[in-house]
Amino acid sequence: MLIKRVDVDAAQLGDPDAAVWSAAKAAAVSLVQAPAAMQPTKYIAAKWQDKPYGQVKALAVKALRNAGQIAFRLEWQAKTKNDRRIENTDFPDAVAMLFPLSEQSPLIMGGDGAPVSLWYWRADHPNRARNDVASGIGTSQVLDAEAVAAQAKHEDGRWTVVMRRVLRSTKPMDGIVEFTGGQALRATFAVWDGGNLERAGIKAFSPSWLEMNLEA
Amino acid sequence: MNEKNVIGRELEGKLHQPTRQLAMVFDLNKCLGCHTCAISCKRQWTRDEGMEQQWWAVVNTQPGMGTPKNWEHLGGGWDAKGEPRASKIPTRDEFGDAWKFNKDEVFQGGKGTVTYLKPVTTKGEAPDWGPNWDEDEGGGEYPNSHFFYLPRICNHCTHPACLEACPRGAIYKRADDGIVLINDKQCKGFRFCMEACPYKRIYYNHVRDVGQKCIFCFPRVEKGVAPACARQCPGRLRFVGYLDDENGPIHKLVHKWKVALPLHQEYGTQPNVYYVPPLAPPSVDMHGRADPSRPRIPLEYLEGLFGPRVREVLALLEAEKTKKARGQPSELMDLLIVYKWPNDIFPDFVRDPAEL
């Protein structure tokens, strides 16, 4: 997928309803349930092995850049809007992107010496996404809780979320992904249905990389 | 994954245990249900925003629904084969929310004559449950109505279900004293621990998005000061010490005299809080005639909480009590009486917190 360079300001780039997005081509990313056997603890595996979860099948991914910023527009079916975190049983809907930080980074949460950078948006904080880094299941650490600007809407049973950041991070550090015009990049995705108490590894994820090229 | 603590975990068929284990024994014959333990804990640890509804130390009336409501029927812990038992997250409503009151409306809003002071939950609803909603209701029918108090904290289990359930390794059991703690920098508020704990003693902090629970007052303990709930207890029923200290009251009550029993040991987590079960007066009939063969608190009920040794323990307590009453020596009664406070009740933690 080509991430085209467009001549719009950051506000338009970050707006899921902006006209510029209707011209962008979407990649249909298939999602599957993260297997119960892959869950990091016996409790979670036992609790969820016979329950349906991770049932979101597809994510429509669009991406654009302007002179200084890159934005990803993620859209998926979510019949109910779960954005509250008042009761102990409230889990907000969420979506995440995973960028490898090395050639060898495994697409499932990275691995030892092969970390991945994560952009994680959750519906209880609709206007920002955080940047985590992970080197394996259960290891993600928050690097910057407000690294990524976000704008979201829930309409007609669908979430649309735009995550947007400057190409070169204003706070560069290990674990933060950086973007350069002309580069190839890849990502995987995950979606959590909060209404089904989905969190952590109880999710739908894309089992293969989405290959992208960032227009110079 | 490599940073995950292995203490308290079963690896390759072996349960990894701490070198020492701190424990508490609660003598239920002395608990007067005053909640000073709960208040002293609250004052010390749970006053921040997001902790309003948290009561790391609670006192439940038994028979009763407990805190959270109906917790004994929510699951969690391990089954007989050592497999995790499925459970659910106890809700804010089941724990009992921290209520707010319509003080402005009544006192400032000019509605003092048309409405009345009433509580509302965080959701804005009228509460129909609270942490001690069924206090002193108990069980049985007149003239054999009965109840007793059951103080509860985190059990700092030897095989903690919370620790093993956490996908992030955020819960660890300290090697030197067996205290179970949640590392709130590692915790992401996923709440699997709240489900897996069969005693339902973990709370969720909605402001900080983390799980929180009793910490056995580790900063006090490290300085030789007893946990707040134990130090402040007016009934002086909370013994604190190391399980392996043969000269201390914990070892004597749990292992030597064997009168202190774990709560619901069938949950499989090997709790490190033990209870001396409550003696009860005999049942009486409608004419007030006592039947000493039937204690007013049914033995079956106590066995349901503390296991099959209840009968034997109560008989021993009666026998030793009789000896003591006759002027004969009884080490067990002397232990339970706690002649010298604080030395006899938490000998390793006698330091006055005011001296810190």
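The values are calculated or read from the model by the stated rules, or taken from the named source; none is laboratory data. Since this is a predicted model, take the numbers as computed values, not measurements. So basically every Cβ, Gly included, is an ideal-geometry build from the backbone, and we count neighbours across all protein chains shown. With ligands, DNA and RNA removed, areas are computed over all heavy atoms of the protein, side chains included. Shrake-Rupley method; radii C 1.70, N 1.55, O 1.52, S 1.80 Å.
Observations on the model:
- Inside the stretch B:130-171, residues that are within 21 Å of B:Tyr204 (Cα to Cα) and either open to solvent by 20 Å² or more (accessible area, probe 1.4 Å) or among the small types (Gly, Ala, Ser) (or both) make up a count of 9.
- Qualifying residue in the stretch B:97-110 (condition: β-branched (Val, Ile, Thr), in contact with a helix residue (DSSP H, G or I) (Cβ under 7 Å, 6 or more places away or on another chain), more than 13 Å from chain A (Cβ to nearest Cβ) and farther than 27 Å from B:Cys31 by Cα): no
Rundown of residues vs (1) within 30 Å of B:Pro84 (Cα to Cα); (2) open to solvent by 70 Å² or more (accessible area, probe 1.4 Å), yes/no style:
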site	(1), (2)
B:Thr269	yes, no
B:Tyr274	yes, no
B:Pro292	no, yes
B:Ala319	no, no
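- Within this structure, A:Ala123 passes the test of being touching a residue at least 12 places away in the same chain (Cβ under 8 Å), over 30 Å from B:Asn5 (Cβ atoms) and within 14 Å of chain B (Cβ to nearest Cβ).
- The stretch B:111-129 - residue that is aliphatic (A, V, I, L, M) and surrounded by 11 or more Cβ atoms within 10 Å (Cβ to Cβ) and, of those, nearest to the other protein chains (Cβ to nearest Cβ): B:Val120
- Restricting attention to the stretch A:1-57, the residues that are over 30 Å from B:Arg85 (Cβ atoms) and not in a strand (DSSP E or B) add up to 24.
- Enumeration of residues in the stretch B:96-110 that are surrounded by 15 or more Cβ atoms within 10 Å (Cβ to Cβ) and free of Cβ contacts under 8 Å to residues at least 24 places away in the same chain: B:Asn102, B:Glu105, B:Val106
- Of all the residues in the stretch B:182-199, those that are open to solvent by less than 10 Å² (accessible area, probe 1.4 Å) and not charged (D, E, K, R) number 6.
- All positions within the stretch A:140-166 that are within 22 Å of A:Ser206 (Cα to Cα) and not in a strand (DSSP E or B): A:Ser140, A:Gly157
- Evaluation of B:Glu72 against the conditions (1) touching a His at 6+ places or on another chain (Cβ under 9 Å); (2) within 14 Å of chain A (Cβ to nearest Cβ); (3) at pLDDT 95 or above shows that the sole unmet condition is (2).
- Top-ranked residue in the stretch A:45-74 [being more than 23 Å from A:Leu167 (Cβ to Cβ) and charged (D, E, K, R); ranked as surrounded by the most Cβ atoms within 10 Å (Cβ to Cβ)]: A:Lys47
- Flag for B:Asp93 being surrounded by fewer than 23 Cβ atoms within 10 Å (Cβ to Cβ) and more than 14 Å from chain A (Cβ to nearest Cβ): no
- Whether a residue is polar (S, T, N, Q), surrounded by fewer than 22 Cβ atoms within 10 Å (Cβ to Cβ), in contact with an Asp or Glu (Cβ under 6 Å, 6 or more places away or on another chain) and over 20 Å from B:Glu266 (Cβ atoms) was assessed, and B:Thr61 passes this test.
- Residue within the stretch A:127-143 that is away from every other protein chain (no Cβ under 14 Å) and either touching a His at 6+ places or on another chain (Cβ under 8 Å) or of a type in the set (Ser, Thr, Tyr) (or both) present: no
- Qualifying residue in the stretch B:331-342 (condition: β-branched (Val, Ile, Thr), in a helix (DSSP H, G or I) and under 30 Å from B:His73 (Cα atoms)): no
- Any hit, the stretch A:177-184, residues being buried (at least 22 other Cβ atoms within 10 Å of the Cβ) and either of a type in the set (D, E, K, R) or touching a strand residue (DSSP E or B) at 6+ places or on another chain (Cβ under 7 Å) (or both): no
- Number of the exception - A:Leu64 against (1) away from chain B (no Cβ under 14 Å); (2) closer than 30 Å to B:Gly124 by Cα; (3) under 17 Å from the mean Cα position of the chain (by Cα): (2)
- Test for A:Ser206: is it touching a residue at least 24 places away in the same chain (Cβ under 8 Å), under 25 Å from A:Ile108 (Cβ atoms) and surrounded by fewer than 23 Cβ atoms within 10 Å (Cβ to Cβ): yes
- Within the stretch B:1-58, the residues that satisfy the criterion of being within 14 Å of chain A (Cβ to nearest Cβ) and crowded, with 16+ Cβ neighbours inside 10 Å are B:Lys4, B:Asn5, B:Gly8, B:Arg9, B:Gly50, B:Met51, B:Glu52, B:Gln53, B:Gln54.
- Only one of B:Gly327, B:Gly304 that is open to solvent by 60 Å² or more (accessible area, probe 1.4 Å) and either without any contact (Cβ under 8 Å) to a residue 60 or more places away in the chain or not acidic (Asp, Glu) (or both): B:Gly327
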